[in-house]
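Only one structure is covered here, and it is reproduced in the block below.
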Amino acid sequence: MDHAAEAQRTDLMTITRHVLNEQSKHPESRGDFSILLNHIVLGCKFVCSAVNKLFQAGLAKLIGLAGEITNVQGEQQKKLDVLSNQVFVKALVSSGRTCILVSEEDEEATFVEPSKRGRYIVVFDPLDGSSNIDCGVSIGTIFGIYVVKNKDDPTLEDVLQPGKYMLAAGYCMYGSSCTLVLSTGSGVNGFTLDPSLGEFMLTHPDIKIPKKGKIYSVNEGNAKNWDDVTSKYVENCKFPKDGSSPKSLRYIGSSMVADVHRTLLYGGIFMYPADKKTPNGKLRLLYEVFPMSYLMEQAGGEAFTGKQRALDLVPKKIHERSPVFLGSSDDVQEIKALYAAAAAAAE
Ligand code: AHG
Ligand code: MN
Ligand code: MN
């Protein structure tokens, strides 16, 4: 190994060190963000360890449904959803840096009691893809972070902000490795958990999504109910009219984290469009669409709802849903152009 490579190998860039480096560029920062992030990382490590125990020990069959519990969208929750949610809520409250929490699993937003309050709002999906637990497919946690206007008087209005005002967003994927992808507003970095150190190490510095990809990712089982534009776009992916090769279809499905992670690294487009049965699509704006759209833009990609830039949407309710098309900018531009042409033709 040459000298430079050896120097890099022994210069351990953990996620904590990376965030502290970023913060040192802002002399006014008081280290609150790194404390908050450390608590998010702790939650991720816990879920990763729980998932691994289940996968490795072949104990997945012991994870049944958690009694009669259903979440606010009326979907059945698995035990690990409940557990992950509790771990994240407790970790975030005990960080002393949060004031409002919005979780997919809790109907109401949690307002942190004044003695433990800080200035950050965290919106999160503690376990995305939970229907995949029993078959060992990658699952994940998604989170977004905002700053409250007035820490002494946090209101729901503080949460209902467009995604473009997020301070940071990320996800952690529990798969063949445990990977945490984070943006604090200046690019995207990926960290992989080194189980022997118990630390997330910088393994994917400054991730940039390819400008154009060769993959499209969508639940084609919903095609019967799609609008004409989505149908036409997917048709173009399979039978391109410009002489280019057809795109490949990859859809892990009930794990958006895994589909978005692949899209970020390899390029292409991930979509969960509106359809006649679900006019707002399926994915939740605050803790699925916004964080993933933020990461895409920070990596040089785009995210579009079918009508506008995803990050410009102003949420009206904390569990609101939105259609989304996200990924490589050339691919998202193509569907944008189809929607624009359809709107022009309808006038
Ligand atoms: P969750 O497990 O948190 O409810 O989210 C599942 C979501 C998302 O991760 C994925 O992209 C989508 O469901 C897949 O939906 P379909 O099964 O309808 O394709
Ligand atoms: Mn989800
Ligand atoms: Mn979930």
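The values are calculated or read from the model by the stated rules, or taken from the named source; none is laboratory data. Model, not experiment: these values are computed from the prediction. In this analysis, Cβ positions are derived from the backbone assuming ideal geometry, glycine residues included, and neighbour counts consider all displayed protein chains. Side chains are part of the model used for accessible areas, which takes the heavy atoms of the whole protein and leaves out ligands, DNA and RNA. Shrake-Rupley method; radii C 1.70, N 1.55, O 1.52, S 1.80 Å.
Side notes on the structure shown:
- Leu180 being of a type in the set (A, V, I, L, M), more than 16 Å from ligand 3 (Cβ to nearest atom) and open to solvent by 10 Å² or more (accessible area, probe 1.4 Å): no
- Yes/no for Lys149 being more than 16 Å from ligand 3 (Cβ to nearest atom), in a loop (DSSP other than H, G, I, E, B) and closer than 25 Å to Gly300 by Cα: no
- For Gly118, the stated conditions do not hold, so it cannot be described as crowded, with 23+ Cβ neighbours inside 10 Å and over 18 Å from Arg321 (Cα atoms).
- Residue in the stretch 57-65 that is at pLDDT 80 or above and open to solvent by less than 80 Å² (accessible area, probe 1.4 Å) present: no
- Verdict on Leu197 being in a loop (DSSP other than H, G, I, E, B), of a type in the set (A, V, I, L, M, F, W, C) and either more than 17 Å from the chain's Cα centre (by Cα) or within 14 Å of ligand 1 (Cβ to nearest atom) (or both): yes
- Considering residues of the stretch 7-20 that are open to solvent by 70 Å² or more (accessible area, probe 1.4 Å) and assigned to a helix (DSSP H, G or I) only, the residue farthest from Asp194 (Cα to Cα): Leu20
- Of all residues making up the stretch 184-199, the number that are on the phi > 0 side of the Ramachandran plot and surrounded by 15 or more Cβ atoms within 10 Å (Cβ to Cβ): 1
- Residue that is modelled with the highest pLDDT [pool: residues in the stretch 21-45 that are in a helix (DSSP H, G or I) and of a type in the set (S, T, N, Q)]: Asn38
- Ile100, sole failed condition from (1) at pLDDT 95 or above; (2) more than 28 Å from Arg321 (Cβ to Cβ); (3) out of contact with any Gly (no Cβ under 9 Å at 6 or more places or on another chain): (2)
- You will find that of Met271, Met292, Met296, the residue that is over 21 Å from Leu167 (Cβ atoms) and surrounded by 22 or more Cβ atoms within 10 Å (Cβ to Cβ) is Met271 and no other.
- Whichever residue in the stretch 217-264 is more than 17 Å from Ile142 (Cα to Cα) and of a type in the set (A, V, I, L, M, F, W, C) and, among such residues, is most open to solvent (accessible area, probe 1.4 Å): Phe239
- Inter-residue pairs, beta-carbon under 6 Å, first on the phi > 0 side of the Ramachandran plot and in the stretch 127-144, second more than 9 Å from ligand 3 (Cβ to nearest atom) and open to solvent by 10 Å² or more (accessible area, probe 1.4 Å), 6+ apart: Gly129/Ser254; Gly136/Phe55
- Cβ pairs under 8 Å, 6+ apart, first in the stretch 322-345 and closer than 10 Å to Gly306 by Cα and open to solvent by 60 Å² or more (accessible area, probe 1.4 Å), second of a type outside the set (Lys, Arg) and in a helix (DSSP H, G or I): none
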